[in-house]
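Trainee: Below is the structure I would like to discuss, written out as structure tokens.
The values are calculated or read from the model by the stated rules, or taken from the named source; none is laboratory data. A quick note: this is a predicted structure, and the numbers were derived from the prediction, not measured. Because the Cβ atoms are built from the backbone with ideal geometry, glycine has one as well, and the counts that use them run over all protein chains shown. What goes into the accessible areas is simple: the full protein's heavy atoms, side chains included, and nothing from ligands, DNA or RNA. Shrake-Rupley method; radii C 1.70, N 1.55, O 1.52, S 1.80 Å.
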Amino acid sequence: MNVSIRGVLLLVSLVAIGALAEESDVRHLNLQRTVSESPKITDPKPVYFAEHFDDPALFERRWLKSQAKKDGVDGEIAKYDGVWSLESAQRDSLLGDTGLVLKSKAKHAAIAAPLLKPFVFNKKPLIAQYEVLLQDGQECGGAYIKLLSEGHKNPKNGTLEEKHCQKPKERLEETFSDKLPHLYTLILKPDNTFEISIDRKVVNSGSLLEDFVPPVNPAPEIDDPNDKKPEDWDESRRNGRHARGLARERTNPHTDPNAVKPQDWDTDMDGEWEPPLIENTACADAPGCGAWEPPLVNNPAFKGKWRPPMIDNPNYKGKWRPRKIQNPDYFEDKEPFRMTTVTAVGFELWSMSKDILFDNIIITDDLEVAERWAFETFDKKRQKIAQESNFEELRAFVQKLANVTNEYPFLWGVYIVVLAIPVVFLLYLCCRPSSSASQSQVNMIRKGGTCQAAAEKKKTDEATEDIQEEDEEEEKNEVEAEPGADEEDAEKNSEPDSEEDNEAVGDAPENKGSGEGARKRKVRKD
């Protein structure tokens, strides 16, 4: 019986592990068969641009690859010859889902497309959102998007100047190295504030008026470019007293006294001339011969290198700064949100990393539209990646479990014990007596057990113990309730009657009624 139970439990454990692996394979197969559906815009009114890169024909009509040259750069580097391609992600991609991939590195690359309609900065926010997947990581370069317009020039001089927002306080290195798709969202609000989010988490925010370098509005005063620092300007707050001392002359006793400086010796080219050294003939064959020097010992009066004490500099004039003058290019824009109308979107990049994938660009003035777009695109990708990761972890766990079990066979006993506990518990729940069993059934079981025990006793020559009073009372009650059947059974099972009993029965009157006067046999006890 024990061998049979062990075999069943072992079979259960094997089936469980096999089912787990099979379920993992089926789940992986279902993930591989997942087909991507391109997102759709139900209401085009709040949408100014939407691109999922799943339609090659539409991509060729809409996007224009630049063939220009970079200004101020020489040679082959100046060419915009970077390669663009529509491809699926190298791993964990949905079937049918493609993106715009920058294939080349260390090359300038530019591509752009017009908006469906111009975005005019008025009373609604600008929301620009797109995905980036750095399939090869990011060493150096950019992966940003550009909103193209006629330019926000300085009204005083007509120049363009880049403005950079403050750096985020959080570290974002993981997004450049984890090789996962990330969702980038920019929100420019009519109240002159901005928000930058990665995967719906705000990583930077601030004011267009205060949090840009250089400022959106130039400073009213600037340093005078013609003001120069005076030569006698002393910026040292403190200095040391001057210490004077005499330098000892050093002589070389081994120089050749007869040496003469060559006529063609050029001090500027050859340096200061010194007479050559000559050998001391007295030391030619004497070991250890040479200039005697006393051994060095620690100086008990040593106090370290002496430095003059610092005193206040009487000539100190402070840190020099050029004087301020009025900024001739100053202007004030109290509403920097009202920028020049955006008419196109594009990428202009130089990167040392290849295979940068861009996908699912949307420009809108409604945050709910951007959220719905991300739900239909980005969320599905990350969900599949998460499921794929869980599958890989599960498969690795099963493989590791199998390897460890092969190395340590005693673990089968552990598996059997672990799996036996719930199996035994279920068997117990299924096979235990029901609490609703009738008392008569219990009594019959008990009586059957007692009678069987008595019968076993009667088969031998051993003395039979007295039946308990409780069993006698139950037997008496049953005999009185069913006299006919019990009399027949008792008569069949009783010993032969003696002559005295038969005579007593013969003298008794017959009664055919309901059992009154019926003959009852005397219970004998040995």
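Trainee: Out of the residues in region 150-194 meeting the condition of being modelled with pLDDT of 95 or more and either more than 25 Å from Phe378 (Cβ to Cβ) or among the charged types (D, E, K, R) (or both), tell me which one is most open to solvent (accessible area, probe 1.4 Å).
Mentor: Top of the filtered list is Asp191.
Trainee: Take the residues in region 334-362 that are open to solvent by 20 Å² or more (accessible area, probe 1.4 Å) and under 24 Å from Pro214 (Cα atoms); name whichever of them is farthest from the chain's Cα centre (by Cα).
Mentor: Across region 334-362, the extreme among qualifying residues is Lys334.
Trainee: Out of (1) modelled with pLDDT under 85; (2) surrounded by fewer than 12 Cβ atoms within 10 Å (Cβ to Cβ), the odd one out for Ile278 is which?
Mentor: Among (1) modelled with pLDDT under 85; (2) surrounded by fewer than 12 Cβ atoms within 10 Å (Cβ to Cβ), the lone unmet condition for Ile278 is (2).
Trainee: Might you check whether a residue that is closer than 30 Å to Phe53 by Cβ, of a type in the set (Ser, Thr, Tyr) and outside any helix (DSSP H, G or I) occurs anywhere in region 376-398?
Mentor: Within region 376-398 (the criterion being closer than 30 Å to Phe53 by Cβ, of a type in the set (Ser, Thr, Tyr) and outside any helix (DSSP H, G or I)), the answer is yes, since at least one residue qualifies.
Trainee: Working carefully through the options Lys228, Lys261, Lys201, find the one that is of a type outside the set (Asp, Glu), more than 30 Å from Phe375 (Cβ to Cβ), surrounded by fewer than 11 Cβ atoms within 10 Å (Cβ to Cβ) and modelled with pLDDT of 90 or more.
Mentor: Answer to the check: Lys228.
Trainee: Among Trp350, Trp273, which is on the phi < 0 side of the Ramachandran plot and in a loop (DSSP other than H, G, I, E, B)?
Mentor: Trp273
Trainee: Here's a follow-up. I'd like the residue in region 92-149 that is under 21 Å from Lys179 (Cβ atoms) and of a type in the set (Lys, Arg) and, out of all such residues, is least open to solvent (accessible area, probe 1.4 Å).
Mentor: Lys103
Trainee: Quick check on this structure: which one of Phe302, Phe331, Phe410 is in contact (Cβ under 8 Å) with a residue 40 or more places away in the chain and open to solvent by 40 Å² or more (accessible area, probe 1.4 Å)?
Mentor: Being in contact (Cβ under 8 Å) with a residue 40 or more places away in the chain and open to solvent by 40 Å² or more (accessible area, probe 1.4 Å) holds for just one of Phe302, Phe331, Phe410, which is Phe331.
Trainee: Kindly indicate whether any position in region 62-77 is at pLDDT 80 or above and among the acidic types (Asp, Glu).
Mentor: no
Trainee: Still on this model: Considering only residues that are in contact with a Leu (Cβ under 8 Å, 6 or more places away or on another chain), surrounded by 11 or more Cβ atoms within 10 Å (Cβ to Cβ) and closer than 30 Å to Asp178 by Cβ, look in region 386-407 and name the one that is modelled with the lowest pLDDT.
Mentor: Per the criteria, the residue is Phe391.
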